[in-house]
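Here is the structure we will look at, set down as C-alpha coordinates.
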Amino acid sequence: MYRVVSLAAALTFAIAAAAAAAAAAAAAAWQGHAGNAQHTAIAATPAQNLSRILWKTPIDLDPQIQNGDLLIHYGSPVITVADTVILPVKTGKAGGYRIEARDHASGATIWTLTSDYQPPAHGWTPSYSPVLTLQNRLYFAGVGGVIRFREAPDHKTGTMGSVAFYGNAAYRANPTAYNRALHISTPLTADAAGNIYFGFTAVGAPGKLVSGIARVGADGSGTWAGAAKAAGDATITEVQTNCAPAVSRDQKTIYVAVSTGANGFTGYLVGLDAATLKPKYKVRLKEPSNGRDAVLNDDSSASPTIGPDGDVFMGVQSDTLPGFHNGRGWLLHFNATLSDIGTPGSFGWDDTASVVPATAVPSYKGGSHYLLMTKYNNYAGIGTGNGHNEIAILDPHAAELDAYSPTKVRVMKEVLTIAGPTPFPGGKPGQTYEWCINTAAVDPATGSVFVPSEDGHLYRWNLKTNRFSQHILLNAPRGEAYTPTVVGPDGTVYAINNATLYAVGK
(Lines give C-alpha, C1' and ligand atoms only; values in the text may rest on other atoms or scores of the structure.)
Protein backbone atom coordinates (compact mmCIF):
# COMPACT_ATOMS: atom_id res chain seq x y z
CA MET A 1 0.00 0.00 0.00
CA TYR A 2 1.17 3.54 -0.74
CA ARG A 3 -0.60 6.42 0.90
CA VAL A 4 -0.41 9.81 -0.83
CA VAL A 5 0.81 12.49 1.58
CA SER A 6 -0.88 15.83 1.01
CA LEU A 7 0.16 19.41 1.67
CA ALA A 8 -2.25 19.35 4.59
CA ALA A 9 -0.35 16.39 6.03
CA ALA A 10 2.91 18.28 5.66
CA LEU A 11 1.42 21.25 7.49
CA THR A 12 0.09 18.94 10.20
CA PHE A 13 3.57 17.51 10.64
CA ALA A 14 5.14 20.95 10.96
CA ILE A 15 2.55 22.08 13.49
CA ALA A 16 2.86 18.87 15.48
CA ALA A 17 6.65 19.07 15.51
CA ALA A 18 6.56 22.67 16.71
CA ALA A 19 4.03 21.81 19.41
CA ALA A 20 6.11 18.84 20.55
CA ALA A 21 9.25 20.98 20.74
CA ALA A 22 7.42 23.66 22.72
CA ALA A 23 5.99 21.08 25.10
CA ALA A 24 9.39 19.49 25.65
CA ALA A 25 10.90 22.89 26.38
CA ALA A 26 8.18 23.53 28.96
CA ALA A 27 9.37 21.12 31.62
CA ALA A 28 10.64 17.75 30.46
CA ALA A 29 13.56 17.03 28.18
CA TRP A 30 12.77 13.30 28.22
CA GLN A 31 9.50 12.31 29.91
CA GLY A 32 9.85 8.54 30.05
CA HIS A 33 9.59 5.55 27.73
CA ALA A 34 10.51 6.71 24.20
CA GLY A 35 10.74 10.33 25.25
CA ASN A 36 7.13 11.52 25.16
CA ALA A 37 3.49 10.43 25.17
CA GLN A 38 3.55 9.60 21.44
CA HIS A 39 6.76 7.54 21.88
CA THR A 40 8.58 9.27 19.04
CA ALA A 41 11.98 9.25 20.83
CA ILE A 42 12.99 12.53 19.15
CA ALA A 43 15.67 14.58 20.90
CA ALA A 44 14.91 18.26 21.37
CA THR A 45 18.58 19.36 21.21
CA PRO A 46 21.62 18.27 19.15
CA ALA A 47 23.59 15.39 20.63
CA GLN A 48 27.22 15.67 21.65
CA ASN A 49 30.00 13.65 20.06
CA LEU A 50 30.56 10.20 21.53
CA SER A 51 34.05 11.11 22.68
CA ARG A 52 34.21 9.76 26.20
CA ILE A 53 32.25 8.34 29.10
CA LEU A 54 31.43 11.29 31.34
CA TRP A 55 30.15 9.16 34.22
CA LYS A 56 28.45 5.86 34.87
CA THR A 57 26.36 4.27 37.58
CA PRO A 58 24.79 0.85 38.22
CA ILE A 59 21.05 0.57 37.63
CA ASP A 60 20.80 -2.98 38.99
CA LEU A 61 22.43 -3.87 42.30
CA ASP A 62 21.77 -7.59 41.88
CA PRO A 63 21.64 -8.41 38.15
CA GLN A 64 20.52 -11.97 37.41
CA ILE A 65 22.47 -13.50 34.54
CA GLN A 66 20.99 -16.64 32.99
CA ASN A 67 23.16 -18.71 30.64
CA GLY A 68 25.25 -15.62 30.01
CA ASP A 69 22.25 -13.38 29.24
CA LEU A 70 20.76 -10.51 31.24
CA LEU A 71 17.03 -10.95 30.58
CA ILE A 72 15.84 -7.71 32.14
CA HIS A 73 14.04 -4.77 30.50
CA TYR A 74 15.56 -1.75 32.21
CA GLY A 75 13.39 1.35 32.45
CA SER A 76 14.19 4.59 30.70
CA PRO A 77 15.88 7.48 32.50
CA VAL A 78 13.84 10.68 32.57
CA ILE A 79 15.44 14.11 32.31
CA THR A 80 14.09 17.47 33.38
CA VAL A 81 14.54 20.62 31.32
CA ALA A 82 16.98 21.75 34.04
CA ASP A 83 18.99 18.61 33.16
CA THR A 84 18.44 16.53 36.26
CA VAL A 85 18.79 12.85 35.32
CA ILE A 86 16.32 10.59 37.15
CA LEU A 87 16.97 6.84 37.14
CA PRO A 88 15.00 3.77 38.15
CA VAL A 89 17.35 1.36 39.94
CA LYS A 90 16.66 -2.30 40.70
CA THR A 91 17.99 -3.10 44.17
CA GLY A 92 17.15 -6.77 44.78
CA LYS A 93 17.31 -10.14 43.09
CA ALA A 94 13.65 -10.38 42.10
CA GLY A 95 12.41 -6.90 42.94
CA GLY A 96 13.00 -3.88 45.10
CA TYR A 97 13.53 -0.50 43.44
CA ARG A 98 14.62 3.02 44.13
CA ILE A 99 14.62 6.29 42.22
CA GLU A 100 17.83 8.31 42.01
CA ALA A 101 18.21 11.90 40.82
CA ARG A 102 21.69 12.77 39.58
CA ASP A 103 23.58 15.79 38.34
CA HIS A 104 23.95 15.62 34.57
CA ALA A 105 27.54 16.85 34.54
CA SER A 106 29.11 14.77 37.32
CA GLY A 107 26.61 12.03 38.04
CA ALA A 108 26.57 13.09 41.72
CA THR A 109 23.47 12.03 43.60
CA ILE A 110 20.98 14.83 44.36
CA TRP A 111 18.33 12.71 46.09
CA THR A 112 17.06 9.13 46.32
CA LEU A 113 13.66 7.60 47.06
CA THR A 114 12.88 3.98 47.87
CA SER A 115 9.94 2.38 46.11
CA ASP A 116 8.05 -0.62 47.48
CA TYR A 117 7.02 -1.66 43.95
CA GLN A 118 6.94 -5.34 43.06
CA PRO A 119 6.60 -6.51 39.44
CA PRO A 120 3.82 -8.81 38.23
CA ALA A 121 4.46 -12.46 37.42
CA HIS A 122 6.91 -12.53 34.53
CA GLY A 123 9.50 -14.31 32.41
CA TRP A 124 11.97 -11.55 31.52
CA THR A 125 11.95 -8.92 34.27
CA PRO A 126 9.51 -6.17 33.18
CA SER A 127 10.44 -2.53 32.72
CA TYR A 128 10.15 -0.25 35.76
CA SER A 129 9.74 3.19 34.18
CA PRO A 130 8.69 6.40 35.95
CA VAL A 131 7.35 9.42 34.07
CA LEU A 132 7.88 13.18 34.34
CA THR A 133 4.93 15.39 33.47
CA LEU A 134 5.24 18.66 31.58
CA GLN A 135 4.24 20.29 34.88
CA ASN A 136 7.50 18.91 36.38
CA ARG A 137 5.94 16.31 38.67
CA LEU A 138 7.61 12.90 38.83
CA TYR A 139 5.40 9.80 39.11
CA PHE A 140 6.62 6.29 39.89
CA ALA A 141 4.91 2.99 40.66
CA GLY A 142 4.51 1.58 44.14
CA VAL A 143 3.09 -1.61 45.59
CA GLY A 144 -0.61 -2.44 45.44
CA GLY A 145 -1.24 -0.43 42.27
CA VAL A 146 -0.44 2.79 44.15
CA ILE A 147 1.21 5.63 42.23
CA ARG A 148 3.63 7.84 44.14
CA PHE A 149 4.77 11.30 43.09
CA ARG A 150 7.35 13.94 43.95
CA GLU A 151 7.27 17.63 43.22
CA ALA A 152 10.37 19.76 42.46
CA PRO A 153 12.52 16.90 41.12
CA ASP A 154 15.45 19.25 40.47
CA HIS A 155 15.78 20.01 44.19
CA LYS A 156 17.05 17.99 47.14
CA THR A 157 13.61 18.08 48.77
CA GLY A 158 10.11 18.12 47.36
CA THR A 159 6.53 17.45 48.38
CA MET A 160 5.56 13.78 48.19
CA GLY A 161 2.18 12.15 47.66
CA SER A 162 0.45 8.96 46.54
CA VAL A 163 -2.73 7.98 44.71
CA ALA A 164 -4.51 4.65 44.47
CA PHE A 165 -6.49 4.74 41.21
CA TYR A 166 -9.30 2.73 42.84
CA GLY A 167 -9.44 5.07 45.85
CA ASN A 168 -7.05 5.90 48.68
CA ALA A 169 -9.68 5.00 51.28
CA ALA A 170 -10.09 1.54 49.77
CA TYR A 171 -6.35 0.99 49.90
CA ARG A 172 -6.05 2.16 53.50
CA ALA A 173 -8.85 -0.19 54.51
CA ASN A 174 -7.10 -3.31 53.17
CA PRO A 175 -3.50 -2.66 52.12
CA THR A 176 -2.36 -6.27 52.54
CA ALA A 177 -4.93 -7.57 50.08
CA TYR A 178 -4.21 -4.88 47.49
CA ASN A 179 -0.44 -5.31 47.85
CA ARG A 180 -0.80 -9.02 47.18
CA ALA A 181 -3.25 -8.72 44.28
CA LEU A 182 -2.34 -5.59 42.27
CA HIS A 183 0.81 -4.96 40.23
CA ILE A 184 1.51 -2.16 37.77
CA SER A 185 2.69 -3.92 34.60
CA THR A 186 3.73 -1.18 32.13
CA PRO A 187 5.79 2.00 32.03
CA LEU A 188 3.86 5.12 33.05
CA THR A 189 2.78 7.61 30.37
CA ALA A 190 1.78 11.26 30.99
CA ASP A 191 -0.37 13.43 28.70
CA ALA A 192 0.11 17.17 28.20
CA ALA A 193 -2.20 18.05 31.10
CA GLY A 194 -0.31 15.89 33.59
CA ASN A 195 -2.70 12.93 33.70
CA ILE A 196 -0.97 9.54 33.71
CA TYR A 197 -1.88 6.13 32.30
CA PHE A 198 -0.62 2.59 32.91
CA GLY A 199 -1.56 -1.06 32.77
CA PHE A 200 -2.01 -3.23 35.86
CA THR A 201 -2.69 -6.84 36.78
CA ALA A 202 -5.27 -7.85 39.39
CA VAL A 203 -5.29 -11.44 40.64
CA GLY A 204 -7.80 -12.08 43.40
CA ALA A 205 -8.19 -8.36 44.07
CA PRO A 206 -10.77 -6.96 46.49
CA GLY A 207 -14.06 -5.72 45.09
CA LYS A 208 -14.59 -5.91 41.34
CA LEU A 209 -11.06 -4.98 40.25
CA VAL A 210 -9.78 -6.91 37.24
CA SER A 211 -6.63 -6.45 35.15
CA GLY A 212 -6.76 -3.43 32.87
CA ILE A 213 -5.66 0.15 32.28
CA ALA A 214 -5.80 2.96 34.84
CA ARG A 215 -5.79 6.74 34.72
CA VAL A 216 -4.63 9.01 37.55
CA GLY A 217 -5.62 12.62 36.97
CA ALA A 218 -3.40 15.59 37.70
CA ASP A 219 -6.03 16.49 40.31
CA GLY A 220 -5.59 13.15 42.11
CA SER A 221 -8.72 11.51 40.73
CA GLY A 222 -8.56 7.92 39.55
CA THR A 223 -10.43 5.66 37.17
CA TRP A 224 -9.83 2.36 35.43
CA ALA A 225 -11.18 0.04 32.75
CA GLY A 226 -10.87 -3.72 32.62
CA ALA A 227 -8.92 -5.08 29.67
CA ALA A 228 -11.85 -7.25 28.57
CA LYS A 229 -14.25 -4.29 28.64
CA ALA A 230 -11.77 -2.14 26.73
CA ALA A 231 -11.71 -4.75 23.95
CA GLY A 232 -15.35 -5.79 24.16
CA ASP A 233 -14.12 -9.40 24.39
CA ALA A 234 -14.51 -11.58 27.49
CA THR A 235 -11.47 -13.70 26.53
CA ILE A 236 -9.12 -10.74 27.07
CA THR A 237 -7.41 -10.88 30.47
CA GLU A 238 -4.67 -8.24 30.57
CA VAL A 239 -2.82 -5.26 29.17
CA GLN A 240 0.30 -6.58 27.46
CA THR A 241 3.20 -6.42 29.91
CA ASN A 242 5.65 -3.56 29.18
CA CYS A 243 3.23 -1.93 26.70
CA ALA A 244 3.43 1.76 27.62
CA PRO A 245 0.13 3.48 26.71
CA ALA A 246 0.44 6.12 23.99
CA VAL A 247 -1.52 9.38 23.79
CA SER A 248 -2.87 10.77 20.52
CA ARG A 249 -1.55 14.16 19.45
CA ASP A 250 -4.92 15.79 20.16
CA GLN A 251 -4.78 14.27 23.68
CA LYS A 252 -8.19 12.63 23.25
CA THR A 253 -7.30 8.95 22.79
CA ILE A 254 -5.17 6.43 24.67
CA TYR A 255 -3.78 3.47 22.72
CA VAL A 256 -2.64 0.23 24.34
CA ALA A 257 -2.45 -3.48 23.50
CA VAL A 258 -4.59 -5.98 25.42
CA SER A 259 -4.33 -9.76 25.24
CA THR A 260 -5.58 -13.14 26.36
CA GLY A 261 -2.43 -13.50 28.44
CA ALA A 262 -1.34 -17.07 29.10
CA ASN A 263 -4.46 -18.29 27.26
CA GLY A 264 -2.77 -17.79 23.90
CA PHE A 265 -1.30 -14.25 24.04
CA THR A 266 -3.47 -12.91 21.23
CA GLY A 267 -5.56 -9.75 21.30
CA TYR A 268 -6.25 -6.21 20.20
CA LEU A 269 -4.90 -2.71 19.93
CA VAL A 270 -7.53 -0.50 21.53
CA GLY A 271 -8.18 3.24 21.57
CA LEU A 272 -9.84 4.58 24.72
CA ASP A 273 -11.26 7.97 25.63
CA ALA A 274 -8.47 9.79 27.44
CA ALA A 275 -10.78 11.29 30.07
CA THR A 276 -13.06 8.33 30.83
CA LEU A 277 -11.25 5.26 29.43
CA LYS A 278 -14.44 4.32 27.58
CA PRO A 279 -13.80 2.24 24.44
CA LYS A 280 -13.58 4.18 21.17
CA TYR A 281 -11.69 2.00 18.69
CA LYS A 282 -10.25 -1.48 18.45
CA VAL A 283 -8.57 -3.76 15.94
CA ARG A 284 -7.67 -7.42 16.20
CA LEU A 285 -3.91 -7.78 15.79
CA LYS A 286 -3.25 -10.15 12.90
CA GLU A 287 -0.29 -11.85 11.24
CA PRO A 288 0.05 -10.04 7.85
CA SER A 289 1.15 -13.10 5.90
CA ASN A 290 -1.75 -15.46 6.66
CA GLY A 291 -4.43 -13.63 8.63
CA ARG A 292 -3.92 -15.68 11.79
CA ASP A 293 -3.78 -13.95 15.15
CA ALA A 294 -0.46 -12.31 15.94
CA VAL A 295 1.19 -13.00 19.29
CA LEU A 296 1.42 -10.39 22.07
CA ASN A 297 4.41 -11.65 24.01
CA ASP A 298 4.71 -10.44 27.61
CA ASP A 299 8.51 -10.59 27.24
CA SER A 300 8.29 -7.92 24.53
CA SER A 301 8.81 -4.22 25.17
CA ALA A 302 6.83 -3.08 22.12
CA SER A 303 4.53 -0.10 22.70
CA PRO A 304 2.42 1.99 20.30
CA THR A 305 4.10 4.85 18.44
CA ILE A 306 1.97 7.74 17.13
CA GLY A 307 3.13 9.27 13.86
CA PRO A 308 2.88 13.01 13.14
CA ASP A 309 -0.18 12.29 10.95
CA GLY A 310 -1.90 10.37 13.76
CA ASP A 311 -1.16 6.90 12.37
CA VAL A 312 -0.49 4.24 15.01
CA PHE A 313 2.31 1.65 14.85
CA MET A 314 2.47 -1.43 17.09
CA GLY A 315 4.98 -4.27 17.14
CA VAL A 316 3.79 -7.86 17.46
CA GLN A 317 5.34 -11.30 17.41
CA SER A 318 4.88 -13.54 14.38
CA ASP A 319 2.63 -16.57 14.08
CA THR A 320 3.57 -19.26 16.62
CA LEU A 321 4.63 -21.77 13.95
CA PRO A 322 8.30 -22.73 14.60
CA GLY A 323 10.73 -20.39 12.84
CA PHE A 324 7.97 -18.37 11.23
CA HIS A 325 9.25 -15.13 9.64
CA ASN A 326 12.61 -15.85 11.31
CA GLY A 327 11.13 -14.72 14.63
CA ARG A 328 11.18 -11.10 13.45
CA GLY A 329 7.56 -10.23 14.10
CA TRP A 330 5.89 -7.24 12.42
CA LEU A 331 5.36 -3.53 12.95
CA LEU A 332 1.61 -3.24 12.33
CA HIS A 333 0.26 0.04 10.96
CA PHE A 334 -3.18 1.62 11.46
CA ASN A 335 -4.88 4.97 11.06
CA ALA A 336 -5.97 6.93 14.14
CA THR A 337 -9.38 5.22 14.39
CA LEU A 338 -7.81 1.76 13.88
CA SER A 339 -10.23 1.29 10.98
CA ASP A 340 -7.67 1.27 8.15
CA ILE A 341 -4.77 -1.15 8.01
CA GLY A 342 -1.62 0.28 6.46
CA THR A 343 1.55 -1.39 5.23
CA PRO A 344 3.35 -3.32 8.02
CA GLY A 345 7.04 -3.16 8.78
CA SER A 346 9.10 -6.35 8.52
CA PHE A 347 10.23 -6.38 12.17
CA GLY A 348 8.53 -5.50 15.41
CA TRP A 349 8.21 -8.14 18.07
CA ASP A 350 10.30 -6.37 20.73
CA ASP A 351 10.75 -2.75 19.70
CA THR A 352 9.02 0.61 19.99
CA ALA A 353 9.54 2.35 16.65
CA SER A 354 11.13 5.82 16.66
CA VAL A 355 10.01 8.67 14.38
CA VAL A 356 12.56 10.22 11.99
CA PRO A 357 11.75 13.47 10.14
CA ALA A 358 12.32 12.83 6.45
CA THR A 359 14.58 15.90 6.32
CA ALA A 360 17.07 14.03 8.53
CA VAL A 361 17.72 11.58 5.66
CA PRO A 362 19.01 13.68 2.69
CA SER A 363 19.05 10.71 0.33
CA TYR A 364 15.31 10.12 0.78
CA LYS A 365 13.26 11.27 -2.22
CA GLY A 366 9.88 9.75 -1.39
CA GLY A 367 6.60 11.40 -0.49
CA SER A 368 6.41 10.83 3.27
CA HIS A 369 7.19 13.65 5.69
CA TYR A 370 8.36 11.24 8.35
CA LEU A 371 10.06 7.85 8.46
CA LEU A 372 10.43 5.18 11.13
CA MET A 373 13.54 3.73 12.74
CA THR A 374 13.34 0.14 13.99
CA LYS A 375 15.48 -2.76 14.99
CA TYR A 376 15.83 -5.25 12.10
CA ASN A 377 17.45 -8.36 13.54
CA ASN A 378 17.45 -11.57 11.47
CA TYR A 379 17.98 -14.12 14.22
CA ALA A 380 20.42 -16.93 13.46
CA GLY A 381 18.91 -20.38 13.81
CA ILE A 382 15.26 -19.24 13.64
CA GLY A 383 13.70 -20.25 10.35
CA THR A 384 16.10 -19.18 7.64
CA GLY A 385 17.64 -16.45 9.81
CA ASN A 386 21.35 -15.98 9.18
CA GLY A 387 22.24 -13.62 12.02
CA HIS A 388 22.78 -10.67 9.69
CA ASN A 389 21.34 -8.31 12.29
CA GLU A 390 20.48 -4.82 11.08
CA ILE A 391 18.73 -1.61 12.05
CA ALA A 392 16.54 0.16 9.52
CA ILE A 393 14.89 3.39 8.41
CA LEU A 394 11.51 2.57 6.85
CA ASP A 395 8.99 4.54 4.81
CA PRO A 396 5.56 3.92 6.39
CA HIS A 397 3.78 5.12 3.23
CA ALA A 398 5.64 3.11 0.58
CA ALA A 399 5.91 -0.63 0.07
CA GLU A 400 8.10 -3.43 -1.25
CA LEU A 401 7.97 -7.23 -1.13
CA ASP A 402 9.17 -8.72 2.14
CA ALA A 403 12.40 -10.69 1.89
CA TYR A 404 11.65 -12.88 4.91
CA SER A 405 8.01 -13.97 4.61
CA PRO A 406 6.99 -17.38 3.21
CA THR A 407 4.24 -15.57 1.28
CA LYS A 408 4.30 -12.44 -0.84
CA VAL A 409 3.72 -9.78 1.80
CA ARG A 410 4.22 -6.12 0.97
CA VAL A 411 6.01 -4.31 3.78
CA MET A 412 7.31 -0.81 4.49
CA LYS A 413 10.01 0.13 2.02
CA GLU A 414 13.53 0.12 3.35
CA VAL A 415 15.09 3.57 3.04
CA LEU A 416 18.35 2.75 4.83
CA THR A 417 19.61 -0.41 6.52
CA ILE A 418 22.91 -1.11 8.21
CA ALA A 419 24.22 -4.28 9.80
CA GLY A 420 25.94 -4.63 13.12
CA PRO A 421 29.68 -4.10 12.61
CA THR A 422 30.97 -6.79 14.99
CA PRO A 423 31.03 -10.47 13.95
CA PHE A 424 29.45 -12.84 16.46
CA PRO A 425 32.11 -15.29 17.72
CA GLY A 426 31.55 -18.75 16.29
CA GLY A 427 28.49 -17.64 14.34
CA LYS A 428 27.40 -18.17 10.77
CA PRO A 429 29.15 -16.26 7.96
CA GLY A 430 27.98 -12.66 8.18
CA GLN A 431 26.43 -13.12 11.65
CA THR A 432 26.79 -10.10 13.91
CA TYR A 433 25.85 -9.26 17.46
CA GLU A 434 22.17 -8.39 17.96
CA TRP A 435 20.95 -4.85 18.51
CA CYS A 436 19.67 -4.47 22.08
CA ILE A 437 17.16 -1.66 21.56
CA ASN A 438 13.69 -1.13 22.99
CA THR A 439 13.58 2.50 21.86
CA ALA A 440 16.36 4.42 20.11
CA ALA A 441 16.87 8.18 20.42
CA VAL A 442 16.68 10.17 17.16
CA ASP A 443 18.59 13.45 16.76
CA PRO A 444 17.17 15.32 13.75
CA ALA A 445 19.60 18.22 14.17
CA THR A 446 22.61 16.07 13.32
CA GLY A 447 20.78 13.38 11.33
CA SER A 448 21.72 10.70 13.85
CA VAL A 449 20.23 7.73 15.67
CA PHE A 450 21.88 6.34 18.81
CA VAL A 451 21.89 2.57 19.13
CA PRO A 452 23.46 0.21 21.66
CA SER A 453 24.63 -3.23 20.54
CA GLU A 454 25.17 -6.46 22.43
CA ASP A 455 28.81 -6.11 21.32
CA GLY A 456 29.16 -3.62 24.21
CA HIS A 457 29.35 -0.43 22.11
CA LEU A 458 27.13 2.60 21.67
CA TYR A 459 26.93 3.77 18.04
CA ARG A 460 25.98 6.99 16.29
CA TRP A 461 24.26 6.01 13.04
CA ASN A 462 24.79 8.91 10.64
CA LEU A 463 21.73 9.02 8.38
CA LYS A 464 23.44 11.33 5.89
CA THR A 465 26.17 8.79 5.10
CA ASN A 466 24.53 5.57 6.31
CA ARG A 467 27.62 4.82 8.37
CA PHE A 468 28.47 4.45 12.02
CA SER A 469 30.36 7.72 12.26
CA GLN A 470 31.13 7.38 15.97
CA HIS A 471 31.19 4.62 18.55
CA ILE A 472 32.38 4.08 22.08
CA LEU A 473 33.02 0.93 24.10
CA LEU A 474 30.82 0.76 27.18
CA ASN A 475 31.37 -2.78 28.42
CA ALA A 476 32.20 -6.33 27.41
CA PRO A 477 29.68 -8.04 25.10
CA ARG A 478 26.53 -9.24 26.87
CA GLY A 479 23.36 -10.86 25.62
CA GLU A 480 20.51 -8.93 27.20
CA ALA A 481 16.93 -7.79 26.98
CA TYR A 482 16.48 -4.50 25.25
CA THR A 483 17.38 -1.03 26.51
CA PRO A 484 16.69 2.62 25.60
CA THR A 485 18.89 5.49 24.52
CA VAL A 486 18.18 9.06 25.64
CA VAL A 487 19.51 12.54 24.74
CA GLY A 488 19.55 15.20 27.45
CA PRO A 489 19.04 18.96 27.01
CA ASP A 490 22.80 19.59 26.93
CA GLY A 491 23.27 16.90 24.28
CA THR A 492 24.65 14.19 26.57
CA VAL A 493 23.72 10.74 25.27
CA TYR A 494 22.63 8.10 27.80
CA ALA A 495 22.73 4.37 27.15
CA ILE A 496 22.43 1.21 29.24
CA ASN A 497 24.73 -1.77 28.94
CA ASN A 498 25.28 -4.70 31.30
CA ALA A 499 23.15 -3.21 34.11
CA THR A 500 24.97 0.14 34.02
CA LEU A 501 23.88 3.57 32.78
CA TYR A 502 26.53 5.48 30.85
CA ALA A 503 26.53 9.24 30.21
CA VAL A 504 28.51 9.87 27.01
CA GLY A 505 29.61 13.15 25.46
CA LYS A 506 32.51 15.33 24.44
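The values are calculated or read from the model by the stated rules, or taken from the named source; none is laboratory data. Everything quoted here is computed from the prediction, not taken from an experiment. Here the Cβ is made from the backbone with ideal geometry for all residues, glycine too, and neighbour counts use every protein chain on show.
When residue 454 is tested against (1) within 21 Å of residue 42 (Cβ to Cβ); (2) within 22 Å of the chain's Cα centre (by Cα), only condition (1) is not met.
When restricted to residues that are out of contact with any Leu (no Cβ under 8 Å at 6 or more places or on another chain) and of a type in the set (A, V, I, L, M, F, W, C), region 305-332 contains 4. For region 99-115, the count of residues that are in contact with a Leu (Cβ under 7 Å, 6 or more places away or on another chain), crowded, with 16+ Cβ neighbours inside 10 Å and under 17 Å from residue 190 (Cα atoms) is zero. Scoring residue 223 on the criteria (1) touching a residue at least 40 places away in the same chain (Cβ under 8 Å); (2) out of contact with any Lys or Arg (no Cβ under 7 Å at 6 or more places or on another chain) leaves a single failure, condition (2). Looking for something closer than 30 Å to residue 447 by Cα, aliphatic (A, V, I, L, M) and within 18 Å of the chain's Cα centre (by Cα) - is there at least one such residue anywhere in region 268-283? For region 268-283, residues closer than 30 Å to residue 447 by Cα, aliphatic (A, V, I, L, M) and within 18 Å of the chain's Cα centre (by Cα): absent.
Just one of the listed residues (504, 493) is of a type in the set (A, V, I, L, M, F, W, C) and under 18 Å from the mean Cα position of the chain (by Cα), and it is 493.
Looking across 249, 328, one residue alone is buried (at least 24 other Cβ atoms within 10 Å of the Cβ), basic (Lys, Arg) and in contact (Cβ under 8 Å) with a residue 40 or more places away in the chain. It is 328.
Wholly within region 370-434, which strands (runs of 3 or more DSSP E) include no fewer than the required count, namely at least 1 residues that are surrounded by fewer than 20 Cβ atoms within 10 Å (Cβ to Cβ), hydrophobic (A, V, I, L, M, F, W, C) and touching a residue at least 24 places away in the same chain (Cβ under 8 Å)?
390-401, 410-419
Screening region 207-246 for residues that are assigned to a loop (DSSP other than H, G, I, E, B) and of a type in the set (D, E, K, R) and picking the one that is surrounded by the most Cβ atoms within 10 Å (Cβ to Cβ) gives 233. The residue of region 457-482 that is farthest from residue 418 (Cα to Cα), among those that are out of contact with any strand residue (DSSP E or B) (no Cβ under 8 Å at 6 or more places or on another chain) and touching a residue at least 40 places away in the same chain (Cβ under 8 Å), is 477. The set of residues in region 50-67 that are of a type in the set (A, V, I, L, M) and at pLDDT 95 or above comprises 50, 53, 54, 59, 61.
If a residue has to be aromatic (Phe, Trp, Tyr) and closer than 15 Å to residue 442 by Cβ to count, how many in region 464-502 make the cut?
Looking only at that region, the number is 1.
Rundown of residues vs (1) hydrophobic (A, V, I, L, M, F, W, C); (2) more than 16 Å from residue 241 (Cβ to Cβ); (3) surrounded by 24 or more Cβ atoms within 10 Å (Cβ to Cβ); (4) in contact with a Phe, Trp or Tyr (Cβ under 8 Å, 6 or more places away or on another chain), yes/no style:
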{"position": "262", "(1), (2), (3), (4)": "yes, no, no, no"}
{"position": "279", "(1), (2), (3), (4)": "no, yes, no, no"}
{"position": "282", "(1), (2), (3), (4)": "no, yes, no, yes"}
{"position": "287", "(1), (2), (3), (4)": "no, yes, yes, yes"}
{"position": "296", "(1), (2), (3), (4)": "yes, no, yes, yes"}
{"position": "302", "(1), (2), (3), (4)": "yes, no, yes, yes"}
{"position": "305", "(1), (2), (3), (4)": "no, yes, yes, yes"}
{"position": "309", "(1), (2), (3), (4)": "no, yes, no, yes"}
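Taking the conditions (1) part of a strand (DSSP E or B); (2) touching a Cys at 6+ places or on another chain (Cβ under 8 Å); (3) of a type in the set (A, V, I, L, M, F, W, C) in turn, residue 302 satisfies each one other than (1). Per the listing 79, 72, the residue uniquely closer than 26 Å to residue 211 by Cα and among the β-branched types (Val, Ile, Thr) is 72.
Of all residues in region 457-488, count the ones that are of a type in the set (Gly, Ala, Ser), more than 17 Å from residue 47 (Cβ to Cβ) and buried (at least 19 other Cβ atoms within 10 Å of the Cβ).
Counting residues in region 457-488 that are of a type in the set (Gly, Ala, Ser), more than 17 Å from residue 47 (Cβ to Cβ) and buried (at least 19 other Cβ atoms within 10 Å of the Cβ) gives 1.
If you filter region 48-75 down to residues that are in a strand (DSSP E or B) and of a type in the set (D, E, K, R), you find that the one that is surrounded by the fewest Cβ atoms within 10 Å (Cβ to Cβ) is 52. Within region 153-206, which residues are hydrophobic (A, V, I, L, M, F, W, C), more than 26 Å from residue 272 (Cα to Cα) and part of a strand (DSSP E or B)? Matches in region 153-206: 160 only. When each of 119, 153 is tested for being out of contact with any Asp or Glu (no Cβ under 7 Å at 6 or more places or on another chain), farther than 14 Å from residue 86 by Cβ and touching a residue at least 12 places away in the same chain (Cβ under 8 Å), the lone residue that passes is 119. Against the criterion of being more than 24 Å from residue 426 (Cα to Cα) and of a type in the set (Lys, Arg), residue 365 qualifies. Screening 446, 485 for residues that are hydroxyl-bearing (Ser, Thr, Tyr), closer than 30 Å to residue 84 by Cβ, in contact (Cβ under 8 Å) with a residue 12 or more places away in the chain and part of a loop (DSSP other than H, G, I, E, B) leaves exactly one candidate, 446. A search for C-beta distances below 9 Å between a residue of region 299-314 that is free of Cβ contacts under 8 Å to residues at least 60 places away in the same chain and any residue that is surrounded by fewer than 24 Cβ atoms within 10 Å (Cβ to Cβ) and not in a loop (DSSP other than H, G, I, E, B), counting only pairs 6+ apart in sequence or on different chains, returns 314/334.
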